[in-house]
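Student: Okay, handing you the structure first.
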Amino acid sequence: MTALLIPFEECLRDSPYFRDAAELNQNQLDELEGKLEKMLKTCNAMINSGKELIQNQSHLVSNVYDLSQYFKGDERMTTSLNKVAHTQQEIMKFKSILLDQASRSLSRVISNFIQKDIKRVKDAKVLLDKVTADCDNALNKYANLPKSGFSVNRLSEKVSPEETQNLVMATRACFRHTALDYVCALSIVKSKFKHEILDAILCFMHANSTYFHQGSDLFQDVDPFLKKLGNEISSMREETNDLEKMLDNRHTIVHNKDMVATSTSKIQRPSILLEGYLFKRTSSKFKTWNRRWFIIWKNQLAYRKRNGGMEISVMEEDLKLCSVKPSTEIDRRFCFEINSPSKSHTLQADSEESFNAWLLALQQAIGIALQQSFNNHENNREDQTPEARSLHKSLSSSSLSSSSSKTGNYGFYETIRKIPGNDRCCDCGSTDAKWASINLGIVVCVDCSGIHRSLGVHFSKVRSLTLDSWEPEIVKVMKELGNEVVNKIYLAHIPDNAVQATLGCSNAVREEWIQSKYVKRKFVRDALLLSKPPEEDDSSRGRIIRHWSVRKIRRRSKSGSRKTDDRSDKSAKLSTESAASVDKENKCFDTSKDGELENPVNTVEIVTIGEDLGDKSFLILSEDDNEDSTDGEDNISIGAESLSKLSPEMILYKASRAHNIPVMALAIALGADKNWINEEDKQRTPLHQAVISVSVFL
């Protein structure tokens with residue numbers, strides 16, 4: 001039990017011991033107050049500095065996130081920087097909690113102790129001094145009483161000895177009570193401040209312990225990433241060292257290579273024949289000369305400024321219409337002229353070597369352009385079968401109409417929406433589908449269209465059904481495909497655990513679904529499996545699949561569709577007879593080793609590729625498309641091919657000839673090469689077959 005600082009008896013007697021002890025303890029309390037105030041000031045400064053540190057660290061994290069956006073093309077850098085920034089954010093949270101605990105446990109406790117407990121003692125001391133003065137005055141008056149017993153106050157009134165004695169007794173009693181209260185307050189404060197201060201410091205230490213435990217747990221999880229990052233940094237440092245070693249001999253290039261005119265590597269930029277600086281004479285009044293970077297590119301001559309960004313100006317759009325020759329009329333060296341039917345250009349090289357290189361390159365480019373034009377013309381003439389020549393007129397008129405007029409925005413909107421599956425988004429099922437991918441032939445909603453745009457036009461080219469202009473050829477493709485057909489291709493085999501995009505799903509789910517569907521093509525099934533139900537067992541039924549074919553889609557005009565179907569019946573009959581003849585020729589029997597007949601096999605199955613993609617053998621054209629009609633053609637399928645020739649490229653080749661756009665889309669989904677050459681058919685490509693059948697999908 002803690003003893004009193006000053007015995008009560010000494011307080012009541014107001015002895016010198018009481019006064020000395022009170023003064024000593026009061027001085028100690030004042031010293032304690034000074035130290036606590038200094039500690040409080042330091043604690044508040046620490047908290048404010050911590051908050052400023054967190055604020056600056058927050059700015060640093062924001063800068064790291066901004067830096068990761070700079071490296072958005074480098075997944076390794078982006079991932080590392082984002083992970084570091086996220087870790088720093090967690091550390092900031094822990095620091096914020098630590099500062100809050102310091103404010104609550106340390107700063108607030110010290111402040112309350114100073115403002116309440118110590119202030120109470122100081123107030124009691126002031127009151128004790130006042131009561132002591134009153135008591136001393138009363139005693140002085142009582143001691144100054146004359147022997148007569150009466151005294152005179154300031155108002156010249158007589159005061160009896162009894163009144164003076166009563167005043168002394170009252171002030172002495174008041175002093176004793178006040179002295180006891182002061183000693184009590186002083187004793188409590190001296191005893192209380194020890195455990196109060198220690199408790200506050202203990203809470204602060206617990207907060208520090210929690211902070212470091214949280215940090216330890218965090219970095220225990222982050223440690224594998226830090227080790228991996230360290231290895232990547234070492235690898236990057238080695239790459240930098242290798243680069244520095246490789247660049248040590250950089251100045252030798254100046255002596256070994258003339259940089260006036262530089263022909264580019266065919267691996268890096270195969271479409272550029274020659275590029276380099278030339279002086280270009282302007283057509284202004286003063287005929288000034290400007291230095292520009294010229295490029296011979298895709299049978300064009302173009303140039304750009306050195307500091308003009310990526311903007312390229314085309315000087316001549318078609319070099320096959322141009323001629324080049326040295327200029328003899330200009331009083332400057334190494335000049336040559338480029339003449340076209342509409343204008344003439346004068347250019348100047350920096351050296352004779354550059355002058356000769358540019359003349360030769362331009363002459364080669366002109367020759368290449370002329371040869372390509374000639375080859376295209378000859379190929380078109382050679383590839384024209386009697387059927388193609390009969391369609392030449394309609395094809396030409398279709399091209400002219402497509403270049404001179406566009407389809408109205410709303411004129412075909414309802415027609416496109418009536419195609420099976422087009423009443424909803426092809427990817428998420430939304431009913432508000434007003435956008436289309438003309439590469440894929442599907443209709444999508446505005447949310448999915450944004451993801452399609454991010455894939456790039458080589459995967460999906462997006463247009464609005466209500467806002468953009470539509471070429472007639474693209475409308476034909478849209479009519480022959482649709483969401484139902486395309487989903488049969490790209491969603492032929494969906495695992496049970498696949499997460500599909502739905503109406504209102506997150507953008508991440510939508511993007512992953514569309515990437516898996518069209519870019520990775522995870523759900524596309526083999527062509528033979530698409531054409532044959534999986535539950536059908538041909539071997540058990542005595543069938544052997546040896547051939548495959550592609551059904552020909554005949555285009556019938558509206559007027560033709562009202563006529564009788566005699567030609568259709570005849571065509572179907574011919575097709576049946578053809579299949580029967582193939583069956584007859586391929587009828588075979590399996591024999592056992594002993595020569596006995598076992599399991600007779602007398603049926604040859606001809607698989608029709610893409611049979612389940614649509615049962616329409618006829619495509620009804622609008623009145624504007626009547627010229628593309630194939631009414632009068634007998635065959636409804638392309639000749640059967642052996643299963644050994646079944647490949648995505650051959651499927652695309654046959655489907656292009658058959659004008660079967662759904663099967664063409666299937667072949668492309670299976671990874672068919674559009675530029676594949678059929679060496680067994682006059683070196684033709686699917687594009688040749690598409691031209692013959694007037695298929696615009698390629």
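Student: Within the stretch 93-113, which residues are crowded, with 19+ Cβ neighbours inside 10 Å, more than 43 Å from the chain's Cα centre (by Cα) and within 13 Å of MET205 (Cα to Cα)?
Tutor: The answer is SER105, LEU106.
Student: Sticking with this structure for a sec: Based on this model, can you work out whether TRP297 counts as in the same structural domain as THR282 (by TED's automatic domain parsing), surrounded by 12 or more Cβ atoms within 10 Å (Cβ to Cβ) and modelled with pLDDT under 90?
Tutor: When the stated conditions are applied, TRP297 passes them.
Student: (1) farther than 30 Å from THR42 by Cβ; (2) modelled with pLDDT of 90 or more: which one isn't true of ASP248, the others all being true?
Tutor: (2)
Student: Considering only residues that are buried (at least 22 other Cβ atoms within 10 Å of the Cβ) and either small (Gly, Ala, Ser) or more than 19 Å from SER516 (Cα to Cα) (or both), which ones fall in the stretch 422-443?
Tutor: ASN422, ALA433, TRP435, ALA436, SER437, GLY441 - these are the residues of the stretch 422-443 that are buried (at least 22 other Cβ atoms within 10 Å of the Cβ) and either small (Gly, Ala, Ser) or more than 19 Å from SER516 (Cα to Cα) (or both).
Student: Continuing with the same structure: SER460 - would you say it is assigned to a helix (DSSP H, G or I) and of a type in the set (Ser, Thr, Tyr)?
Tutor: no
Student: Related question: What pairs come out if I take residues in the stretch 166-178 that are aromatic (Phe, Trp, Tyr) and pair them with residues that are not in a helix (DSSP H, G or I) whose C-beta lies under 8 Å away, six or more apart or interchain?
Tutor: Pairs that qualify, where the first residue is aromatic (Phe, Trp, Tyr) and the partner is not in a helix (DSSP H, G or I), are PHE175/ASP14.
Student: Counting only residues that are modelled with pLDDT of 85 or more and of a type outside the set (Val, Ile, Thr), which one in the stretch 261-282 is surrounded by the most Cβ atoms within 10 Å (Cβ to Cβ)?
Tutor: Per the criteria, the residue is LEU278.
Student: While we're looking at this one, here's another question. Of all residues in the stretch 1-49, which are within 17 Å of LYS190 (Cα to Cα), under 60 Å from the mean Cα position of the chain (by Cα) and among the small types (Gly, Ala, Ser)?
Tutor: GLY34
Student: Would you check if there is a residue in the stretch 414-433 being in a helix (DSSP H, G or I), at pLDDT below 90 and under 30 Å from ILE272 (Cα atoms)?
Tutor: Within the stretch 414-433 (the criterion being in a helix (DSSP H, G or I), at pLDDT below 90 and under 30 Å from ILE272 (Cα atoms)), the answer is no, since none of the residues qualifies.
Student: How many residues, within the stretch 469-494, are within 26 Å of the chain's Cα centre (by Cα) and more than 24 Å from LYS418 (Cβ to Cβ)?
Tutor: Residues that pass the stated criteria total 1.
Student: Scanning for something surrounded by 17 or more Cβ atoms within 10 Å (Cβ to Cβ) and charged (D, E, K, R), does the stretch 485-504 turn up at least one residue?
Tutor: Yes, the stretch 485-504 contains a residue that is surrounded by 17 or more Cβ atoms within 10 Å (Cβ to Cβ) and charged (D, E, K, R).
Student: Restricting attention to the stretch 146-182, which residues are among the hydrophobic types (A, V, I, L, M, F, W, C), at pLDDT 80 or above and out of contact with any Phe, Trp or Tyr (no Cβ under 7 Å at 6 or more places or on another chain)?
Tutor: Hits for the stretch 146-182 are LEU167, MET169, ALA170, ALA173, CYS174, PHE175, ALA179.
Student: Consider the stretch 444-463. How many of its residues are within 17 Å of ARG424 (Cβ to Cβ) and surrounded by fewer than 16 Cβ atoms within 10 Å (Cβ to Cβ)?
Tutor: Total meeting the criteria: 1.
Student: Sticking with this one: Do we find that THR685 is at pLDDT below 65, β-branched (Val, Ile, Thr) and either more than 22 Å from VAL486 (Cβ to Cβ) or surrounded by 20 or more Cβ atoms within 10 Å (Cβ to Cβ) (or both) in this structure?
Tutor: no
So that you can scan it fast, the table gives a plain yes or no per residue for (1) under 15 Å from ARG281 (Cα atoms); (2) not small (Gly, Ala, Ser):
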residue: ARG304; (1), (2): yes, yes
residue: CYS322; (1), (2): no, yes
residue: GLU329; (1), (2): yes, yes
residue: SER344; (1), (2): yes, no
residue: GLU353; (1), (2): no, yes
residue: LEU360; (1), (2): no, yes
residue: GLN364; (1), (2): no, yes
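Student: Between a residue in the stretch 318-330 that is small (Gly, Ala, Ser) and any residue that is part of a helix (DSSP H, G or I) and surrounded by 14 or more Cβ atoms within 10 Å (Cβ to Cβ), which pairs come within a Cβ distance under 8 Å, given they are 6 or more apart or on different chains?
Tutor: Here the result reads SER323/ILE366, each pair linking the stretch 318-330 to a residue that is part of a helix (DSSP H, G or I) and surrounded by 14 or more Cβ atoms within 10 Å (Cβ to Cβ).
Student: Kindly indicate the residue of the stretch 410-458 that is aromatic (Phe, Trp, Tyr) and touching a helix residue (DSSP H, G or I) at 6+ places or on another chain (Cβ under 8 Å) and also nearest to ALA669 (Cα to Cα) among those meeting that condition.
Tutor: Within the stretch 410-458, the match that is nearest to ALA669 (Cα to Cα) is TRP435.
The values are calculated or read from the model by the stated rules, or taken from the named source; none is laboratory data. The structure displayed is predicted, hence computed values, not measured ones. Counting neighbours? That spans all protein chains shown, and the Cβs are built from the backbone with ideal geometry, glycine included.
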